[in-house]
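Here's the structure we're looking at; comments come further down.
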Amino acid sequence: MGALRKIKTKRRTRDYDQVIADVDSSRHLAQYKASKDPEDLPGLGQHFCVECSKWFESDYNLKAHTKGKNHKRRVRLLQEEPHSQELAEAAVGLGVVENWRGHIKRADNAADKADKMEMAA
């Protein structure tokens, strides 16, 4: 069973929240790159795709990668809004969340019904 787990994690890339932090903050990306030895990386760590968090041997390989389906899929997924603690709390009925039109909406419907009944009276 140990060999299966090793195979599954061998080509694991960074998670979406880590990549979003890399894109938003150049300091976060610099810390990640500093944790790797350039001698151990392909192409001495010169050709790096930020969205996919992968190193490439040459600039040609990097350009071919950016035209590929996997890179485009990853970029599309990164354009979506990442999950946050506020969204998780709103999903279970806690707190306040902005709906897709930008208006503030209460997460619990019981309070909305009570407000409407008070206004009607």
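For this structure, a couple of remarks:
- On the stretch given as region 27-49, residues that are within 23 Å of residue 83 (Cβ to Cβ) and exposed (fewer than 13 other Cβ atoms within 10 Å of the Cβ) total 2.
Each row is one residue, and each column tells you yes or no for (1) touching a residue at least 12 places away in the same chain (Cβ under 8 Å); (2) among the hydroxyl-bearing types (Ser, Thr, Tyr); (3) closer than 17 Å to residue 16 by Cα; (4) touching a helix residue (DSSP H, G or I) at 6+ places or on another chain (Cβ under 6 Å).
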| residue | (1), (2), (3), (4) |
| --- | --- |
| 29 | yes, no, yes, yes |
| 45 | yes, no, no, yes |
| 52 | yes, no, yes, yes |
| 68 | no, no, no, no |
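- In region 18-121, counting only helices (runs of 4 or more DSSP H) that sit wholly within it, the ones holding 1 or more residues that are at pLDDT below 90 and among the charged types (D, E, K, R) span 26-34, 85-91, 109-120.
- Close Cβ contacts (under 7 Å, 6 or more residues apart or on different chains) running from residues in region 13-26 that are closer than 19 Å to residue 71 by Cβ to residues that are among the small types (Gly, Ala, Ser) comprise 13/53; 14/53; 19/53.
The values are calculated or read from the model by the stated rules, or taken from the named source; none is laboratory data. Note that the structure is a prediction, hence the values are computed from the model and not measured. In this analysis, Cβ positions are derived from the backbone assuming ideal geometry, glycine residues included, and neighbour counts consider all displayed protein chains.
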